[in-house]
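Student: Take a look at this one; I'll ask things after.
The values are calculated or read from the model by the stated rules, or taken from the named source; none is laboratory data. Please read all numbers here as calculations on a predicted model, not as lab measurements. No Cβ is skipped: glycine too gets one built from the backbone with ideal geometry, and neighbour counts run over all protein chains shown. Accessible surface areas use protein heavy atoms only, side chains included; no ligands, DNA or RNA. Shrake-Rupley method; radii C 1.70, N 1.55, O 1.52, S 1.80 Å.
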Amino acid sequence: MANQGLAWAGLGSLHAKTRTPVLATGIAASCILFLALFLSLGGLARLTSTLALLIFATVNAALLRLKRSPENPEFHVPALIPKLGLLTCIAMLIQQLFSLL
């Protein structure tokens with residue numbers, strides 16, 4: 001994303017030997033360490049589950065957008081798959097919300 005100008009260019013800098021994004025990895029590790037130090041195990045598990053569902057919902061929404069985009073005629077996926085995935089993620093997020101109340 002940094003190479004395409006969609007994120008800060010510094011996040012795309014790679015380690016010379018391992019070719020891994022050092023700064024992005026460090027930022028992610030720092031966020032994880034902060035959350036692990038200040039949240040209970042149950043809270044961390046709920047947060048991880050919620051974030052994973054949000055990511056999956058975003059991916060399914062992006063698939064729907066790609067399917068409708070005329071710029072990607074070679075992209076083929078049955079429309080039912082991302083629609084069902086998005087609806088499932090939303091339903092599970094709503095269930096998580098109601099379990100907190």
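Student: Please list the helices of the chain that count as membrane-span-like by this rule: a mean Kyte-Doolittle hydropathy of at least -0.5 together with Cα atoms stretching 27 Å or more along the helix axis, each helix being a complete DSSP H run.
Tutor: Numbers: long enough: 41-68 (41 Å, 1.07); 80-100 (30 Å, 1.65).
Membrane-span-like by this criterion, though nothing is claimed about a membrane: 41-68, 80-100.
Student: Would you please give the FRET efficiency between residue 97 and residue 64, computed as 1/(1 + (r/R0)^6) with r the Cβ-Cβ distance and R0 = 30 Å, to the nearest 0.05?
Tutor: Working: r = 23 Å, r/R0 = 0.76.
For residue 97 and residue 64, the calculated efficiency is 0.85.
Student: Using a 10 angstrom cutoff on alpha carbons, build the Gaussian network for the chain and name the most mobile of 14, 64, 37.
Tutor: Fluctuation is largest for 14.
Student: For the chain, max minus min Cα coordinate along each principal axis, in Å, sorted largest first?
Tutor: Projected onto its principal axes, the Cα set of the chain covers 44, 39, 19 Å.
Student: Continuing with this model, one more query. How much net charge surrounds residue 60 when only other residues with a Cβ under 12 Å from its Cβ are counted (Lys, Arg +1; Asp, Glu -1)? Before the final figure, lay out each step's value.
Tutor: On the way: positive: 65, 67, 83; negative: none.
Taking every other residue near residue 60 into account, the sum is +3.
Student: Right, next: In whole percent, what relative contact order does the chain give with Cα contacts below 8 Å and a gap of six or more residues? Numbers along the way, then the final one.
Tutor: Details: 60 pairs, mean separation 18.1, N = 101.
Relative contact order of the chain: 18 percent.
Student: Ordered by packing density, taken as the mean number of other Cβ atoms within 10 Å over each peptide's residues, highest first, how do 3-11, 89-97 rank? Before the final figure, lay out each step's value.
Tutor: Details: 3-11: 10.3, 89-97: 13.2.
Descending packing order for the listed peptides: 89-97, 3-11.
Student: Whole number in Å², please: accessible area per residue of the range 23-74, 1.4 Å probe, ligands, DNA and RNA not counted. Don't jump to the answer; show the numbers that get you there.
Tutor: Numbers: 3950 Å² over 52 residues.
Roughly 76 Å² per residue, with all protein chains present.
Student: Per DSSP helix of 4 or more residues, -39500 (n - 2.57); summed, then divided by the residues of the chain. What does that give at 222 nm, rounded to the nearest 500? Present the calculation step by step, with values, prior to reporting the outcome.
Tutor: Details: 3 runs with 66 residues, N = 101.
Using -39500 (n - 2.57) per qualifying helix, the result is -23000 deg cm²/dmol.
Student: In addition: If I stretch the segment between residue 35 and residue 55 completely, what's the gain in nm (0.36 nm per residue apart, minus their alpha carbon distance), one decimal?
Tutor: Values: separation 20, 0.36 × 20 = 7.20 nm, distance 1.82 nm.
Here the answer is 5.4 nm.
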